[in-house]
1. So Ser81 passes all but one of these: (1) away from ligand 1 (no atom under 16 Å from the Cβ); (2) at pLDDT below 95; (3) among the polar types (S, T, N, Q). Which condition number does it fail?
2. Determine the pairs where a residue that is without any contact (Cβ under 8 Å) to a residue 60 or more places away in the chain, located within the range 129-146, has a partner that is within 16 Å of ligand 2 (Cβ to nearest atom) with Cβ atoms under 7 Å apart, the partner being 6 or more residues away or on another chain.
3. I'd like the full set of residues that are within 16 Å of ligand 1 (Cβ to nearest atom), surrounded by 10 or more Cβ atoms within 10 Å (Cβ to Cβ), of a type outside the set (D, E, K, R) and part of a loop (DSSP other than H, G, I, E, B), limited to the range 121-146.
4. Do we have any residue at all in the range 73-96 that's within 22 Å of Pro8 (Cα to Cα), basic (Lys, Arg) and not in a strand (DSSP E or B)?
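The values are calculated or read from the model by the stated rules, or taken from the named source; none is laboratory data. Because the structure is predicted, anything quoted here is derived from the model rather than measured. For neighbour counting, all protein chains shown are included, and Cβ atoms are generated from backbone atoms with ideal geometry for every residue, glycine included.
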Amino acid sequence: MASPFLVPVAQLLRDVPSTYVVSFEAPFDEAHEFAPRGPAETDVFAEATLKVRLTLQSFSGGLRAKGKVEAPWHGVCRRCSVPVLGVSLVSVDERFVDERGPEDEEAYLIENDFVDLAPLAHDAIFLDLPLAPLCREDCQGLCPYCGIDRNEASCDCQVPLDPRWATLDGLRFMDFTSDESKEV
Ligand SMILES: [Zn+2]
Ligand SMILES: [Zn+2]
C-alpha cells in the first residue's frame, strides 16, 4: 500500500505556480522508526493518529508546504507526576527543493519527483512537544518532605531548619562584620 506521506509532485513542478492540497491521517510512526523515549519524557505513541493538512505550492526549483500537522502526545506532570495527555497542533511552512542551495539548508529534498512528508511532520511534532507538561496550570505538586499530593490533601510540613546551616550563617555573619571593622 502506498504511503500517504509520499506525494507525487512531477506535475506541480511542471506547472509553476500550481497548488495541491494534501490531507490525510496516518499512524504517527508505523515503521517504528523512533525508539520510545524514557517514561518521564513527553512522547507520541507510534500508533497515535497523525493528521496532516498541507497546501503544496510550486515555484521554480521547488515547492512550499504550508499548513498544519497534529498529533496527540502523552507525558507526566512535572510537579505531581500524574499522566498527562495533550495534542500538538503545529503550523508549518517549509520548502522542498530539487537541490539545496546555500540558503536552503533547512529545506527538504524532492526525490524522484516525490516529496516525503513524514520527516517534515515528525520534525514539527517533536519540536513542539512540551518538555515539562502540567496536569493543570495550578497544579500544587507533591510535598517534598512527606510526598503527599497537595492537590488532594494538605500536610503540616515546614521547611526543616538545619542546625548546620544556622551555624554557617552565624560564621559568615561574624566574618563579614570583622571585615567591615577592619576596613573602617
Ligand atoms: Zn500535576
Ligand atoms: Zn508534607
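1. The failed condition is (1).
2. Here the result reads Leu134/Arg79; Cys135/Cys80; Cys143/Arg150; Cys143/Cys155; Cys143/Cys157; Tyr145/Cys157; Cys146/Cys155; Cys146/Cys157, each pair linking the range 129-146 to a residue that is within 16 Å of ligand 2 (Cβ to nearest atom).
3. Pro130, Ala132, Pro133, Leu134, Cys135, Cys139, Gln140, Gly141, Cys143
4. There is no residue in the range 73-96 that is within 22 Å of Pro8 (Cα to Cα), basic (Lys, Arg) and not in a strand (DSSP E or B).
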